[in-house]
1. Counting DSSP beta bridges with both partners in region 211-348, what percentage is antiparallel, nearest 5?
2. Probe 1.4 Å, all protein chains in place: accessible area of K53 in Å², nearest 10?
3. Using only C-alpha positions, report the orientation-averaged shadow area of the convex hull of region 291-372, nm², one decimal.
4. To the nearest 20 debye, what is the magnitude of the charge dipole of region 264-327 about its Cα centre, counting +1 on the Cβ of each Lys and Arg and -1 on the Cβ of each Asp and Glu?
5. If we count every other residue with Cβ under 11 angstrom of F276's Cβ, Lys/Arg +1 and Asp/Glu -1, where does the sum land?
6. For A182, which sequence-distant residues (separation of 5 or more, or a different chain) have an amide H within less than 5 Å of its own amide H, given hydrogens modelled in the peptide plane?
7. Would you list which lysines come within 28 Å of K48, measuring only between C-alpha atoms, while excluding same-chain residues fewer than 8 positions from it?
8. Near A361, within a Cβ-to-Cβ distance under 13 Å, what is the net charge of the other residues, with Lys and Arg +1 and Asp and Glu -1?
Amino acid sequence: MTKLTKTIIASALVSTAMWALPASAQQAGSANAGNSESMRDVGSDDFKPGRAKPIAPPKLSEDEASRAAPLTDEETAVKSYGVVGKSSDGKAIREAPSEAIRNLVIEEMNAPADGGQSGDDAASGPQKTEDPALNEGDEANRQVFGDDDRVQIKNTKVYPFSAIGYLEAKSPKTGSYGSCSATLIGPRTVLTAAHCLYSHEDKDWLDEFLFVPALNGSTADDAPFGSFTYDSAYILQGFIDNYQGYYGSVVPWDLGIVTLKQDVGNSLGWLGYSNFDDLGDFTANIVGYPGDKPMGTMWRATCDVMAENIGPENFAYDCDTYPGSSGSSVYAYDNKSKQRIIAGVNIAESPDANTAIRLNAVNIEWINSLWK
């Protein structure tokens, strides 16, 4: 693989909150391996394999971040972290940013933009550690660096893979279906990318979100736990308000949450997530459903993320991805806690790297406000 030598995304904010793993497995941000009980959404027979086309990660040119108008006004920046959502019954949802988010945004706007750290200063963050669980198509659209070293996850029913799933959505405008990847981070909470939930091309929400955890093949019988319908979907307000006609203008806000109608995570488990304010070199794991592999099969990619490619809002890496990988969590295995901690979400491609939105202090606070 090609070693990255520069940060792809220019950043204006800096992460300030301290890394801390919540003590309770039922607390937002903590990991939970589930109770291994069988889980099936008996009322959902909506999953029809093969009808969805993988949603392509947006292409990010190197000059897009620099030509996007920076947010210098505090009120506009704070407003960007409001909640915009829709419920499954069609109700529009809008929530203003909390006071805690307001304070974090203002604090970060006034902080020096120095990104991540490396060396001894990064010792308390995740390290270059392999996840022990990982030991057990169309060339024109590939975003593969060097040899393709992605590996299929064949036993998807065991944790942590039981908490990772295939996310499907329908465009009300065209009637077509698209697919992304997503991760359980709570009993009912699924983490993904905003562009998997809202289309700038359609200027509208996608709909009929369906989460299929641990999918392992091309038929409905290959969904070992069934498929689960959504209750509500949420994105950052800045993903809509700050769009300037090209994707680079909304990269810092490409974050989405789907809440399910059932507490599927209590059975299947969920991954932890946290802000590492001292994020330095670490080993990233991306597990999801790339569209160049056999339909419905789960694959993982692992690569090292270098400190020089970590910014306050995003980080870049050469893990191999493909359309359908959008929304995959980028997690590190934390040797101290023996847990898998999400540090970002896979969102975009550029000529030299793939990009994740970083779960910095503000994004963590936003996610926590929606966690169920």
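The values are calculated or read from the model by the stated rules, or taken from the named source; none is laboratory data. If you're wondering where the values come from, they're calculated on a predicted model, not measured in any experiment. Neighbour counts are summed over all protein chains in view; Cβ atoms, including those assigned to glycine, are modelled from backbone coordinates with ideal geometry. In case anyone asks, the SASA skips ligands and DNA or RNA and just uses the protein heavy atoms, side chains included. Shrake-Rupley method; radii C 1.70, N 1.55, O 1.52, S 1.80 Å.
1. So the antiparallel bridges amount to about 90 percent of the total.
2. Result for K53: roughly 150 Å² accessible.
3. Working: hull surface 27.4 nm².
Taking a quarter of the hull surface, the average projection is 6.9 nm².
4. So the magnitude is around 460 debye.
5. Numbers: positive: R358; negative: D277, D278, D334.
Within the 11 Å Cβ shell, the charges total -2.
6. Residues meeting the amide H criterion: G165, L167.
7. The qualifying lysines are K86, K91, K154, K157, K170, K173, K203, K261, K293, K372.
8. Details: positive: R102, R358; negative: E107, E108, D277, D278, E313, E365.
Neighbour charge sum, excluding A361 itself: -4.
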